[in-house]
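Written below as structure tokens is the structure these notes are about.
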């Protein structure tokens, strides 16, 4: 049997974002989502090699891109208490709108934006708790009739 151990307070699964300017992304996450920096490790040249930022009960790892480990994009989903406020703060800090917040039909109000590095953040607030069967029913009702 394999025993898994984690550092205290570390989520089992964390996305890892590799970007050209990790300091800027860390500040974006702290400002937009109220993230708290848990760790930062610098390379000998002073650039960020690795950082960890907590958002609520989860975390995001951030790395500085190198020639061997280039920047790449990903998509994340985050629940927040103040959806409109989160979007306003994100836009003020360089995010670009993908979709404005709207009722998604699955019990969430959700929208999306890209951070300054091209990562997509889909941000939601739960407005109603639904079972899968009810979500599917609503989706069928909203779907255009096929001819």
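Since every read-out is calculated from the coordinates, none of them should be taken as a lab result. Computed from a predicted model, the values in this text were never measured in an experiment. Virtual Cβ from ideal backbone geometry, glycine too; neighbours counted across all protein chains shown.
Return the tail of the calculated pair distribution for segment 1-68, meaning the percent of Cα-Cα pairs more than 13 Å apart.
64
If only Cα atoms are counted, what is the Rg of segment 73-146, and what is its Dmax, in Å?
When restricted to the Cα atoms of segment 73-146, Rg and Dmax are 13.9, 42 Å.
Across 5 Å bins from the origin, how do the percents of Cα pairs in the chain run, short distances first?
Bin by bin from 0 Å, the calculated values are 2, 9, 16, 18, 17, 13, 10, 8, 5, 2, 1, 0, 0.
Hey, could you pull the Cα Rg and Dmax for segment 32-103, both in Å?
Gyration radius and largest Cα-Cα distance of segment 32-103: 14.7, 48 Å.
Among 32-42, 109-119, how do they line up from the highest to the lowest mean number of other beta-carbon atoms within 10 Å?
Ranked from most to least packed, the peptides come out as 109-119, 32-42.
Which of the peptides 46-54, 126-134 is most tightly packed, and how do the rest follow, judged by the mean count of other Cβ atoms within 10 Å per residue?
Descending packing order for the listed peptides: 46-54, 126-134.
Where both residues lie in segment 5-71, what percent of DSSP beta bridges are antiparallel, nearest 5?
75
For the chain, what is the mean residue ellipticity at 222 nm derived from helices alone (per DSSP H run of n ≥ 4: -39500 (n - 2.57); sum divided by total residues; nearest 500 deg cm²/dmol)?
Value at 222 nm, helices only, nearest 500: -7000 deg cm²/dmol.
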